[in-house]
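The values are calculated or read from the model by the stated rules, or taken from the named source; none is laboratory data. It should be emphasised that the depicted structure is a prediction, and the values quoted were computed from it without experimental measurement. FYI the Cβ positions are ideal-geometry reconstructions off the backbone, even for glycines, and counts take in every protein chain you see. Ligands, DNA and RNA are stripped out before the accessible areas are found, and what is left, the full protein with its side chains, is counted by its heavy atoms. Shrake-Rupley method; radii C 1.70, N 1.55, O 1.52, S 1.80 Å.
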Amino acid sequence: MEIEPIKIKILYTIPNFDTAGSGKALLNIASRLDKEKFEPHIACLHDKGEFFKVVKASKIPVHIFNYMAPMNSRFQGLKSCFKIARKFREIAPQIIHSFNYSSDYSEALSAKIARIPWIYTKKNMSWGGTSKNAWKFRTFLASHIIVQNKDMIKQFFTNKKNITLVYRGVNINEFKNDDSDNQISKELKIPKKKKVILTVANLVPVKGIEVIIQAFKNLTLTNKQIVLIIVGDDKNEYATKLKNLVRKNNLCDMIIFAGKRFDLNRIYNVADIFVSSTHLIGRAEGCPVVLLEAMSTGLPVIASNIPGSRDVLENFKSFLFEPGDYKELSRKIKTHLFLDKSKMSKLGLNMRDYIKKNFDIKYEVNKTENVYKQVLFKL
């Protein structure tokens, strides 16, 4: 009788799947682990959010419970951590891998009580202020930390040994050049023969979308054959301010708010150039996946020179601009948007080739699996 090999159970923790970004990153790894060696599980606070349907369809076991505790009262917090530790022991993973973007350390403390190795992925550049001590304690309790850009190591983890740089990955078979879809231009009401500038973002102030609108306005002074598409949930206060800015500058006929979309490959394929304008302040980027997706489709990308974005565009430094400088952004767009078709195509192919060689999802999964082995077997 053949004995089935024991698999390493990994419990991924994430607060929710309300926003698909972090949830998709988690599922990209969990669903691609070597099935002969690993058994993924997920812990989540609730089952709400559109993307939760995708998680459920993956057949990965999901445990719904509150795995975090308020630590304002140390005694009550510690008491809650013992209860969470019991739940962790019931699930019995060999490793807990946290995708929680916050500075919460109760999860790490609970894992410590349960004697289960706990690692976390540092997903943004948040660290200072009132959360600084919490981040330090969270880091102290971690068996290992996965970082997503080089600036994280310089700013937060200098001289620490239990750190591994793992860039986010993209499915290059999902995000690719495909000009066979003729309906999306009609659906978005993109005027014919117009050059299309695209941005995709969670519409919050740190994303700096107003900088793109200002740069776009600057471009329209000399060229009216352009259109800007803004993809992201436009039902919030910041989006309302952006729409008012568009109306104030008489750009309503040239700027399209496309709302939240899940068919991004179709959107990338109707664009001529992609722009990301995240500010240096705020939570900033860890490793901006939209840049990877856009480049993977062969779309030239321009981004603000901030942590994360400068890692992705390390071989394309001329496509970075100073955060908030709409005039520089306008010049960068103008330089590349109006290249002849063959040069634009070559530029796009170069960016896709770079993504294939450095940011394919298989590299992210492989490096993450190696972290698990390192933690468990002290490799």
*Taking only the range 204-232 into account, find how many residues are farther than 26 Å from Pro307 by Cβ, among the β-branched types (Val, Ile, Thr) and part of a loop (DSSP other than H, G, I, E, B).*
1
*Residue pairs meeting the criteria (Cβ under 8 Å; at least 6 apart or on separate chains; first under 22 Å from Asn366 (Cβ atoms) and in contact (Cβ under 8 Å) with a residue 24 or more places away in the chain, in the range 148-166; second open to solvent by less than 80 Å² (accessible area, probe 1.4 Å) and small (Gly, Ala, Ser))*: Gln148/Gly286; Gln148/Gly308; Asn149/Gly286; Asn149/Gly308; Met152/Gly286
*Spot the failing condition for Leu203; the list is (1) at pLDDT below 95; (2) open to solvent by 10 Å² or more (accessible area, probe 1.4 Å); (3) of a type in the set (A, V, I, L, M, F, W, C), and only one is missed.*
(2)
*Looking only at the range 306-325, count how many residues are assigned to a helix (DSSP H, G or I), among the small types (Gly, Ala, Ser) and crowded, with 20+ Cβ neighbours inside 10 Å.*
1
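Rundown of residues vs (1) basic (Lys, Arg); (2) surrounded by 20 or more Cβ atoms within 10 Å (Cβ to Cβ); (3) modelled with pLDDT of 95 or more, yes/no style:
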residue: Pro288; (1), (2), (3): no, yes, no
residue: Ala294; (1), (2), (3): no, yes, yes
residue: Leu339; (1), (2), (3): no, no, no
residue: Asp360; (1), (2), (3): no, no, yes
*asked:* Among the residues of the range 114-123, are any among the small types (Gly, Ala, Ser) and either over 29 Å from Lys378 (Cα atoms) or part of a loop (DSSP other than H, G, I, E, B) (or both)?
replied: no
*Quick one: which of Leu251, Leu242 is assigned to a helix (DSSP H, G or I), aliphatic (A, V, I, L, M) and out of contact with any Gly (no Cβ under 8 Å at 6 or more places or on another chain)?*
Leu242
*Out of the range 326-337, which residues are open to solvent by less than 80 Å² (accessible area, probe 1.4 Å) and touching a residue at least 60 places away in the same chain (Cβ under 8 Å)?*
Tyr326, Leu329, Ser330, Ile333, His336, Leu337
*Identify all residues within the range 94-107 that are crowded, with 24+ Cβ neighbours inside 10 Å and either aliphatic (A, V, I, L, M) or part of a loop (DSSP other than H, G, I, E, B) (or both); write none if there are none.*
Ile96, Tyr105
_Condition check for Ala134: at pLDDT 95 or above and either over 30 Å from Tyr268 (Cβ atoms) or acidic (Asp, Glu) (or both)_ = no
*asked:* I'd like the full set of residues that are free of Cβ contacts under 8 Å to residues at least 60 places away in the same chain and either at positive phi or open to solvent by 20 Å² or more (accessible area, probe 1.4 Å) (or both), limited to the range 25-49.
replied: Ser31, Lys35, Glu36, Glu39, Pro40, Leu45, His46, Asp47, Lys48, Gly49
*asked:* Exactly one of these conditions fails for Ser180: (1) at pLDDT below 95; (2) of a type outside the set (D, E, K, R); (3) part of a helix (DSSP H, G or I); (4) more than 18 Å from Ile273 (Cβ to Cβ). Give me its number.
replied: (3)
*The one condition in (1) surrounded by fewer than 14 Cβ atoms within 10 Å (Cβ to Cβ); (2) assigned to a strand (DSSP E or B) that Asn159 fails to fulfil*: (2)
*In the range 246-255, is there at least one residue being within 19 Å of the chain's Cα centre (by Cα) and surrounded by fewer than 18 Cβ atoms within 10 Å (Cβ to Cβ)?*
no
*Say whether the condition of being at pLDDT 95 or above and over 21 Å from Pro300 (Cα atoms) is met by at least one residue in the range 214-232.*
no
*What tally of residues in the range 138-156 results from selecting those that are surrounded by 15 or more Cβ atoms within 10 Å (Cβ to Cβ), of a type outside the set (Asp, Glu) and over 14 Å from Pro117 (Cβ atoms)?*
9
*asked:* Would you confirm, using the coordinates I've provided, whether Ala57 is without any contact (Cβ under 8 Å) to a residue 24 or more places away in the chain and aliphatic (A, V, I, L, M)?
replied: yes
*asked:* Anything in the range 367-379 that is open to solvent by 80 Å² or more (accessible area, probe 1.4 Å) and not hydrophobic (A, V, I, L, M, F, W, C)? List them, or say none.
replied: Lys367, Lys378
*Test each condition in (1) within 24 Å of Gly286 (Cβ to Cβ); (2) out of contact with any strand residue (DSSP E or B) (no Cβ under 9 Å at 6 or more places or on another chain); (3) not in a helix (DSSP H, G or I) for Arg352 and report the one that comes out false.*
(3)
_Restricting to the range 164-177, count the residues that are closer than 11 Å to Val270 by Cα and outside any loop (DSSP other than H, G, I, E, B)._
0
